[in-house]
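Contents: one structure, followed by commentary.
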Amino acid sequence: MDMHTVVVGTSGTTAEDVVAVARHGARVELSSAAVDALAASRLIVDALAAKPEPVYGVSTGFGALASRHISTELRAQLQRNIVRSHAAGMGPRVEREVVRALMFLRLKTVASGHTGVRPEVAQTMADVLNAGITPVVHEYGSLGCSGDLAPLSHCALTLMGEGDAEGPDGTVRPAGELLAAHGITPVELREKEGLALLNGTDGMLGMLVMALADLRTLYTSADITAALSLEALLGTDKVLAPELHAIRPHPGQGVSADNMLRVLAGSGLTGHHQDDAPRVQDAYSVRCAPQVNGAGRDTLDYAAVVASRELASSVDNPVVLPDGRVESNGNFHGAPVAYVLDFLAIVAADLGSICERRTDRLLDKNRSHGLPPFLADDAGVDSGLMIAQYTQAALVSEMKRLAVPASADSIPSSAMQEDHVSMGWSAARKLRTAVDNLARIVAVELYAATRAVEIRSAEGLTPAPASQAAVAALRAAGAEGPGPDRFLAPDLAAADTFVREGRLVAAVEPVTGPLA
């Protein structure tokens, strides 16, 4: 477990801190300013709770039941009940890293001092994270409006010592037993606290932040595999010239072209073999790689802007304002996050699609400019990478289905009080699958392109130094080179891990310098 400590203050957090806590087990501490802000906002809530006038979330019911004024003696029960009743998720368990991101981001909002939660509740949230206790959260239950209600409710249930959770050893046990084993006292919720623990975009935001981290690596990897495919197809690198991309100044396009150009530096395969082939220009999947990869990069940059705004936000309803007012609002609506989650699924699908087209070109003897059919050792006796492309095509087909936006849908809930919802959680869940698939798709192109580069090398042509580094590292990782047919799935799995863990980028950067 990483001993790095993330200090949670009053002004939000960073994407790097989310990843550190969610994936790497970083410890969490509350700043003194956060503790002071929590105490100050709680005084405001306590004062309002003592008044006879009803205040939403403090002394009323919730959602469509907000018109009922709740008497003092029933308010603790009200807060317990909202957590218990809203912990209504179903389906498979959500991944540990998603739940940790969810809990950490809810703590981030609580620590802002705008929720009215007591300092001891926030400290218990930090204690649960630091103990490695992960509430059992289910796939279905959030509509992405009024926040990720069911997922957050399952987390709040753990704070109360109820429901099930996973311990640091990976065993699921009753939450009360786990809290006791780590010396954590369950919280007894007071006015507004149950609602404040449930009402945020934290799950979809956590998944957005982690998807962005993964996609950054995959986009750089896809620039490398595109360069390898261009090289293996004896394409021209003249289309990557900076002056061509300067006259269409999309930032991501220039970055992708520069990455590809640096990977291809010193290649003996590019630029001068086309005189021997009946082509004037390379196919779009080769020639337009910077335009497609770059447009995706620009979409990632926009999504990162949205994520940074959410990371600086305090999302709750109602909120405690510095002047003492407690006001209802609609900030819990997940639309801003849901839209970019869907945007990312679209660009990931298109990136996967162009990768697959280059793979197919490498395998087709009619379009590969002299490569053997399916890159087979003895075509006919050997099938080569024929079915690897089938697998890649199946993944691309699913990516296209996953690109259908969730945020364009809405099903009214809460007796039409919550009559327009974002479906942002659903957008985030399908994006996670899309990111997983994209890593596999890039890995198949890498596997095919490196085999093709090695075949060219055996013919006496000299690949770029960066290409040679990529080939050597992939082979060392367990994905074998050209030769007779063998059990292919282990090679593809090794290539997948190699790409997913960022090892392709790490392999070429000593030659190219840092790639963007």
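Among residues of segment 143-167 that are under 20 Å from N329 (Cβ atoms), those with a Cβ under 8 angstrom from a residue that is among the acidic types (D, E), sequence gap 6+ or separate chain, pair up as L143/E418; C145/E418; S146/E418; G147/D202; D148/D202; L152/D202.
Among the residues of segment 432-491, those that are within 30 Å of V404 (Cα to Cα) and open to solvent by 60 Å² or more (accessible area, probe 1.4 Å) comprise D436, R440. For segment 282-305, a residue qualifies if it is of a type in the set (D, E) and either part of a helix (DSSP H, G or I) or in contact with a Ser or Thr (Cβ under 6 Å, 6 or more places away or on another chain) (or both), and the qualifying residues are D298, D301.
Do we have any residue at all in segment 323-331 that's in contact (Cβ under 8 Å) with a residue 40 or more places away in the chain, open to solvent by less than 30 Å² (accessible area, probe 1.4 Å) and under 24 Å from L492 (Cβ atoms)? No; the residues of segment 323-331 include none that is in contact (Cβ under 8 Å) with a residue 40 or more places away in the chain, open to solvent by less than 30 Å² (accessible area, probe 1.4 Å) and under 24 Å from L492 (Cβ atoms). Being more than 25 Å from G141 (Cβ to Cβ) and not aliphatic (A, V, I, L, M): is that true of E29 here? Yes: the conditions hold for E29.
Let me confirm something: among S314, S353, S308, which residue is touching a residue at least 40 places away in the same chain (Cβ under 8 Å), of a type in the set (S, T, N, Q), farther than 30 Å from A232 by Cβ and not in a loop (DSSP other than H, G, I, E, B)? Result: S308 is the single residue among S314, S353, S308 that is touching a residue at least 40 places away in the same chain (Cβ under 8 Å), of a type in the set (S, T, N, Q), farther than 30 Å from A232 by Cβ and not in a loop (DSSP other than H, G, I, E, B). Taken over segment 17-32, the criterion of being in a helix (DSSP H, G or I), in contact with a strand residue (DSSP E or B) (Cβ under 9 Å, 6 or more places away or on another chain) and of a type in the set (D, E, K, R) is satisfied by D17 alone. Looking only at residues of segment 217-272 that are β-branched (V, I, T) and over 17 Å from E454 (Cβ atoms), we find that the one that is surrounded by the fewest Cβ atoms within 10 Å (Cβ to Cβ) is I247. Being part of a helix (DSSP H, G or I) and under 21 Å from S146 (Cβ atoms) is the filter here; which residues of segment 49-76 pass it? Those that are part of a helix (DSSP H, G or I) and under 21 Å from S146 (Cβ atoms): G63, A64, L65, R75. Please state which one of D409, D419 is open to solvent by 30 Å² or more (accessible area, probe 1.4 Å), among the acidic types (D, E), within 27 Å of the chain's Cα centre (by Cα) and on the phi < 0 side of the Ramachandran plot. Every option except D409 fails the conditions. Listed by position, the helices (runs of 4 or more DSSP H) contained in segment 104-212 that have at least 1 residues being open to solvent by 20 Å² or more (accessible area, probe 1.4 Å) are 119-130, 149-159, 175-181.
The values are calculated or read from the model by the stated rules, or taken from the named source; none is laboratory data. On a predicted model such as this, the values are computed, not experimentally measured, just so you know. Every residue, glycine as well, gets a Cβ built from its backbone with ideal geometry; the counts of neighbours run over all protein chains shown. To get the accessible areas, we keep the full protein, side chains included, count just its heavy atoms, and leave off ligands, DNA and RNA. Shrake-Rupley method; radii C 1.70, N 1.55, O 1.52, S 1.80 Å.
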